[in-house]
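Contents: one structure, followed by commentary.
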Amino acid sequence: MDNAAQLPDPETRLELVHVSAPHPAVIPVEDLLPLCEFRTQSRSGPGGQHRNRTASGVFITYRPAEITAEATEQRNQHRNRSVAVQRLRFVLAVSLRSVSPLEASLSGASPVEASSVGGLVQTPDPLERAVRQAYHKSSMKLADDNERKPGLLAMLLNDVHVAGGQPSLVAPLWAVSTSRIVACLRSHGPAWALVNRIRRHHGRPPLR
């Protein structure tokens, strides 16, 4: 997809917010929630102009980065809470970056030579490594309600960021085709927008 693709110099990368591994999008929900703050918002219940007010809207903030997501469309607070948590994980996946194994390629070795064992990409953090191993040689087709999709997108975006928006440099890490990387990223609008923002920063045309 990108002819003669090469990794850009780290100093030329688009400036994004970085966090230490594990990326919060790969942290199990039960471990992520203690790092978050919830608040509810009253919304109108049934009954016309004098409708009852119900506190069913949910806002969730990931405190370390002050990133917030919300869900207010359901009448059921429990459902809104579940939706808000998943939305937050997607926002974290797009908004924050952690280290990519592609960094090892800057030493001159190929991505797989520099950072894999038995063909599987290795990263120091076990949670991030588990995501990469789970989707190595996979179809990467996940529904938006799949709790593992935010973590996969986070890892792909880490790689795409280091690759300067070039999916063809990311595909070898996962042992999949470039088209699978593109399809997975395109399936989530904000992730796809970030890919093209990275490409624009490096003077590359947008991917369609």
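Going by amide H atoms built from the backbone, whose H comes under 5 Å of the H on Arg97, apart from near neighbours?
For Arg97, the qualifying residues are Val17, His18, Val19.
Around Ile67, which amide H atoms from residues at least 5 apart in sequence, or from another chain, sit under 5 Å from its own amide H, with H modelled in the peptide plane?
Tyr62
Give me a comma-separated list of calculated 3J(HN,Hα) values for segment 177-189, in order, Karplus coefficients 6.51, -1.76, 1.60 applied at θ = phi - 60°, integers in Hz, x for any Gly or Pro.
With coefficients 6.51, -1.76 and 1.60, one gets 6, 4, 5, 5, 4, 4, 4, 5, 5, 5, 5, 10, x Hz.
How large are Rg and Dmax for segment 137-205 when calculated on the C-alpha trace, in angstrom?
11.3, 34
With all protein chains present, calculate the accessible area of His188 using a 1.4 Å probe and round the result to the nearest 10 Å².
30
Just grab the label-to-label distance for Gln41 and Arg186, each label 7 Å out from Cα along the Cβ direction, in nm (one decimal).
Reported label-point gap for Gln41 and Arg186 is 3.3 nm.
The values are calculated or read from the model by the stated rules, or taken from the named source; none is laboratory data. Everything quoted here is computed from the prediction, not taken from an experiment. Reconstructed Cβ throughout: ideal geometry from the backbone, glycine too, with neighbour counts over all protein chains shown. Ligands, DNA and RNA are excluded from the accessible area calculation, which covers all protein heavy atoms including side chains. Shrake-Rupley method; radii C 1.70, N 1.55, O 1.52, S 1.80 Å.
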